[in-house]
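Have a look at the structure below, then the notes.
The values are calculated or read from the model by the stated rules, or taken from the named source; none is laboratory data. Computed from a prediction, not measured in an experiment: that's the story for all the values here. Quick reminder, even Gly has a Cβ in these numbers, built from the backbone with ideal geometry, and neighbours come from all protein chains shown. Surface areas here come from the heavy atoms of the whole protein model, side chains and all, with no ligands, DNA or RNA. Shrake-Rupley method; radii C 1.70, N 1.55, O 1.52, S 1.80 Å.
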Amino acid sequence: MKLSGVNEETLWQNIRAGDQQAFSILYEAAADMLYAYALRYFPDKEMIKDCIHDLFADLYTQRQNLAPQVNIKFYLLVSFRRRLKAAHKKSSFLSLREDMTGAEPLFQLTFEAQDVQSKLIAREEEQAVLQRLAVEMNKLPARQKEILYLKYNCGLSYEEVAVLMQITVPTCRTLAYRAIRQLRQELHASPVPAFGLLLLACLKNF
Amino acid sequence: MDNGNNYHDHEEDGMPEASGALQRDRMLAIVRASGNEQLPDGEKAALWQKIATGMTAVPTRRWWPQLLKAAAILLLVISAGIWWYQSRKESIPSLVAFAAQKQPLSGDSALTRMILGNNRQLVIRNNRASITYHGSGGSLQIDSQRVSQQLKEDKPVFNTLVVPYGNIAVLQLEDGTSVWLNAGSRLVYPAVFSKNKREVLLEGEAYFDVQQEAARPFSVYAADMQVAVLGTAFNISAYKDDNSTQIVLASGSVQLKAFRGRGTDKAPVQLQPGHRAVISAQADMEVGAVDIAAFTSWKDGMIDASHMPLSEILKKLSRYYNQPILTDARSGRETFSGKLNLKGTMNDVLDIIAASTSGKYEERENKIIFRTR
């Protein structure tokens with residue numbers, strides 16, 4: 001979510017004041033992030049758009065009750081995630097299968113190497129390394145992918161990721177650490193010798 | 001090399017230096033490059049239009065939401081009062097009241113659970129659990145494990161056995177009555193029955209083999225029905241998602257009476273052995289002779305069907321194996337006769353059905369779809 005050329009504090013004040021222009025700016029900046037984030041939980045595009053609609057509609061009606069100072073992105077994600085879960089629960093309730101619990105939607109993300117923008121990318125072998133790395137990253141458990149995504153793609157802090165995922169900060173760190181360790185082990189066992197060597201070199205000081 | 005405590009030193013991003021700066025950069029680059037779907041421009045603009053329209057519409061109707069809220073609250077209070085009065089009037093047994101106030105259970109829903117009186121939850125990993133009460137209800141045996149619980153003198157202590165889809169369980173109650181609980185069922189019962197009656201509550205399906213005790217009549221509450229028993233074996237199917245309750249009597253005699261709902265004014269009905277009563281949601285009752293085995297064979301791990309509609313068989317399989325199975329109306333109306341052994345895998349069973357009907361099945365996104373070829 002990019003809020004270029006806008007002071008976040010001023011924007012939030014205007015949101016609280018009910019200024020439509022401010023809502024429009026916030027929507028422009030946040031819609032794609034929210035859309036991509038929702039796709040991590042379920043693929044139903046219409047349901048996602050409904051959630052985004054309701055998020056902004058409620059933000060507007062509840063504007064007088066909003067906290068005066070927030071991290072806007074974090075605030076949106078927290079309240080959006082709650083909404084996604086509720087929507088998912090409702091839709092699985094209506095579908096044919098009656099669960100005894102409302103199963104939590106699983107975080108789904110496929111890491112892709114081809115869109116990586118990098119100075120190194122021009123080299124063909126670098127592309128192959130990235131491909132392999134992506135394959136290994138895709139073997140990570142959902143929650144670990146979720147942490148990596150929230151932290152490095154959405155740019156949240158560990159504290160924020162922990163609140164969002166309803167886990168403690170140490171758990172959050174441990175999970176992230178474990179993700180890295182698993183990647184290391186997987187790649188270490190990788191049959192491609194050149195790649196193994198490269199990794200060994202990378203991991204020496206661990 | 002492998003030092004698990006080290007990572008706090010690099011805690012700013014948790015990516016241990018270990019992966020090497022280059023490798024780390026690659027990973028972060030991949031994370032940033034993934035999961036960045038965008039709303040198509042047209043849809044994005046259209047969605048904003050919708051949001052913006054909602055914003056301008058709000059102030060014009062500021063007064064009536066308040067009024068509506070007040071009216072809703074008033075209505076709620078009144079209906080709660082009526083409900084309370086009604087439920088008092090119908091004198092719901094304490095067992096039924098207890099079961100109703102129990103919230104849907106948390107925890108791993110795939111495992112059988114026993115909930116004792118003090119809300120202690122025991123998770124049973126065996127998907128065909130066997131539970132027996134000993135010594136006047138104070139202790140019970142779950143498979144090979146022995147558990148005891150504190151009982152109260154003045155008040156009954158209710159226990160609950162929850163058997164999720166994909167499991168079944170056999171339970172022997174304190175009086176020696178045996179209950180086979182089918183998949184997706186719950187039985188609520190006192191650890192010790194009182195001196196003058198024995199009452200249990202069932203949701204789902206169970207086969208009862210009741211110990212004869214003339215001085216203490218046995219009753220099962222299922223949906224809105226009370227099934228009163230004198231030493232008898234019978235099957236009850238009362239799943240919340242089925243639109244009827246079925247009672248099949250194997251031997252002895254039972255008396256059926258609605259204890260709440262629309263049927264309360266009707267006279268009790270005595271069921272003959274070999275007969276089945278089907279009670280609809282409108283409390284209409286139909287009684288007729290049936291093949292008992294078809295309704296009770298599940299407790300021995302079988303479906304013994306004679307001209308049973310496929311839709312019904314697939315529903316049973318879906319509960320038994322905890323696996324959604326979809327079918328279209330035409331295939332669902334086909335019938336199947338014969339024995340299906342449920343001790344094998346679901347695919348084995350489906351293969352048999354497919355081979356002997358004109359059906360076929362496929363797996364798609366965790367769902368089985370069964371249709372006519």
Original post:
Among the listed pairs B:LYS299/B:LYS360; A:LYS89/B:LYS197; B:LYS197/B:LYS299; A:LYS49/B:LYS240, which are separated by more than 30 Å between their Cα atoms?
Top reply: A:LYS89/B:LYS197; A:LYS49/B:LYS240
Original post:
Of B:ASP25, B:ASP242, B:ASP300, which has the largest mean-square fluctuation in a 10 Å C-alpha GNM of chain B?
Top reply: B:ASP25
Original post:
Relative to the longest principal axis of chain B, what angle (0 to 90°, nearest 10) does the C-alpha long axis of helix B:346-356 take?
Top reply: 70 degrees
Subject >> Computed helical MRE - 222 nm, chain B, DSSP H runs ≥ 4 contributing -39500 (n - 2.57), nearest 500 >> reply: -8000 deg cm²/dmol
Original post:
Mind listing the Cα extents of region B:94-293 along all three principal axes, in Å, largest one first?
Top reply: 43, 36, 32
Original post:
Between B:ASN118 and B:HIS275, what length comes free when the chain is fully extended (0.36 nm per residue of separation minus the Cα-Cα distance, one decimal in nm)?
Top reply: 52.5 nm
Subject >> Label point distance in nm, B:ASP41-B:ALA267, each placed 7 Å from Cα along Cα→Cβ >> reply: 7.9 nm
Subject >> Accessible area (Å², 1.4 Å probe, nearest 10) - B:SER358 >> reply: 50 Å²
**OP:** Take the Cα atoms of region A:8-94, find their three principal axes, and give me the spread along each one in whole Å, biggest first.
**Re:** 40, 22, 19
Original post:
Over the C-alpha atoms of region B:155-237, what are the Rg and the largest Cα-to-Cα span, Dmax, in Å?
Top reply: 11.8, 37
Subject >> Sparse-neighbourhood loop sites, GluC sites (Glu not before Pro) in region B:121-219 - DSSP loop, at most 11 other Cβ within 10 angstrom >> reply: B:GLU153
**OP:** Would you kindly find the accessible area of B:THR245, with a 1.4 Å probe and non-protein molecules such as ligands, DNA and RNA excluded, rounding to the nearest 10 Å²?
**Re:** 10 Å²
**OP:** Compute the relative contact order of region B:94-293 as a whole-number percentage, counting only Cα pairs closer than 8 Å that sit 6 or more residues apart in sequence.
**Re:** 12 percent
**OP:** In a Gaussian network model over chain B where Cα atoms closer than 10 Å are linked, find which of B:MET346, B:MET27, B:MET55 has the largest mean-square fluctuation.
**Re:** B:MET27
Original post:
Taking the Cα atoms of chain B alone, what are Rg (to one decimal) and Dmax (as a whole number) in Å?
Top reply: 27.5, 82
Original post:
Percentage of Cα-Cα pair distances in region B:301-372 greater than 14 Å, rounded to whole percent?
Top reply: 53 percent
Subject >> Interchain or long-range residues, amide H under 5 Å from B:LEU326's placed H >> reply: B:ILE368, B:ILE369, B:PHE370
Subject >> All-pairs alpha carbon distance profile, region B:97-202, 5 Å steps from 0, percent >> reply: 2, 12, 27, 26, 21, 9, 2, 0
Original post:
Got a sec? What order do A:THR110, B:THR357 fall in by accessible area at 1.4 Å, biggest, i.e. largest, first?
Top reply: A:THR110, B:THR357
Original post:
Nearest 20 debye, what's the magnitude of the dipole of region A:8-94 about its Cα centre given +1 on Lys and Arg Cβ and -1 on Asp and Glu Cβ?
Top reply: 460 debye
Subject >> Most to least packed among A:131-143, B:262-274 [average Cβ atoms within 10 Å] >> reply: A:131-143, B:262-274
Subject >> Quotient of Cα Rg and 2.2 N^0.38 Å for region B:140-196, N being how many residues it contains >> reply: 1.21
**OP:** Give the Rg (one decimal place) followed by the Dmax (whole number) of the protein assembly as shown, computed from C-alpha coordinates and expressed in Å.
**Re:** 30.1, 89
